[in-house]
Every structure is written in C-alpha cells, then in structure tokens.
Amino acid sequence: MAREDNRGKRRDREEETPEFIDRLVHINRVAKTVKGGRRMGFAALVIVGDEKGRVGFGKGKAREVPEAIRKATEEAKRNLIRVPLREGRTLHHDVRGRHGAGKVIMRAAPPGTGVISGGPMRAVMECLGVQDVVAKSLGTSNPYNMVRATFDGLKRMESPRTIAAKRGMKVGELTTRRTDGASAPDAIEA
C-alpha cells in the first residue's frame, strides 16, 4: 500500500512540469588533478523551454553524466527568460547578440522558412518555440559562448506593444509606419 502511494506521488511530481522540453547541447569531460592522480568529472550544457516564448539555459558539473544533466536542467529552469514572438512563430525584428568572442545574428523569417540555424542556436530556437528564423553564428564555435550570445540577442527583443508604450503611441500607428514603405533602420545594420 505504501509503495503505491509513493509511486503516485512520484508520478504527480513528474507531471507537474511536462510543459518544458529540454535539449542537451554539450557534454565536456573535465579532470581535476589531485594528489593520487586525476579525478574525472563531466560538465553539461542544457537548454530548457516551453515552446511558447520561455527559454533558459543551465550548466551542471558532476562525477557522473546523468547527475550533471540533472543539475544543468534544474539551473536552466531557474533562469528562464520570456521572449516576445510575432504570431507565436518568429521574432519581431532582426537582432544581434554578443558574448565574448561569440557573435550571432538572428533574423525574422516568413512562414514556411523553418529554423535555419546551427548547433546550440538551433536548440535554443526549438525550445523557445520559434518556427521560422534565419540565424548565423559569426564568432566562436564554443557552445557556451554561442548560447550566451543567443540569449543576449533574445533579451534585446522587444514587441511593438512595448515600443508603442514607451513612445506613447498606439500599436496600430507603429505598425502602419512599418508597412507604409518608410524603411525603418534595420537592427542588423545599426
């Protein structure tokens, strides 16, 4: 009887957060030199998201791979950010991100484009719920710096609603300017 109760509780705990998906981006074997030789450990980089505009990343280190992944997943869930998406499928505007030598460009794309991005950036976009985006990494190929640069760019993303509120305008006035043919300065060229 007691076993069934525990199983039920465990199942409930697992079903509390099924809305999050996680992607393992990178595992690194690390060694610590001690008096008796080397102690091997593992470092994991995990991306977590709800595919509805929330995404986070975390790092975890442990002696075993599953434990490192668990720690990284917990940290990622604590560090979630919300990113506004246009029509729930793409970015509102083009944006650049940078961290160290990692530089990334992310551009909004028309429907049907898909996620054109590589490696760690693809994992971030999929967990975020972006369906159409063109992204390019220009700097380092280090997954940690690529992920941080991607998050730097995503944090700069603003929706027309927030920009209109800052300027004291209505959203309709702001978006009609964009479609009238008056070319707004591109975020990539700035």
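Bear in mind these aren't lab numbers, they're just calculated from the coordinates by the rules spelled out. Quick caveat, the model's predicted, so the values are computed rather than measured. Neighbour counts run over all protein chains shown; Cβ positions are idealised from the backbone, glycine included.
Listed values, structure above:
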| quantity | calculated |
| --- | --- |
| Region 84-158: C-alpha gyration tensor shape, a/c 1.5 cut-off, then a/b vs b/c | prolate |
| FRET efficiency, Asn79 to Thr113 (Cβ-Cβ, R0 35 Å, nearest 0.05) | 0.75 |
| Burial ranking of peptide ranges 77-89, 61-73 (average Cβ count within 10 Å, highest at the top) | 61-73, 77-89 |
| Relative packing of 104-110, 123-129, 36-42, which averages over residues the other C-beta atoms within 10 Å, highest first | 123-129, 104-110, 36-42 |
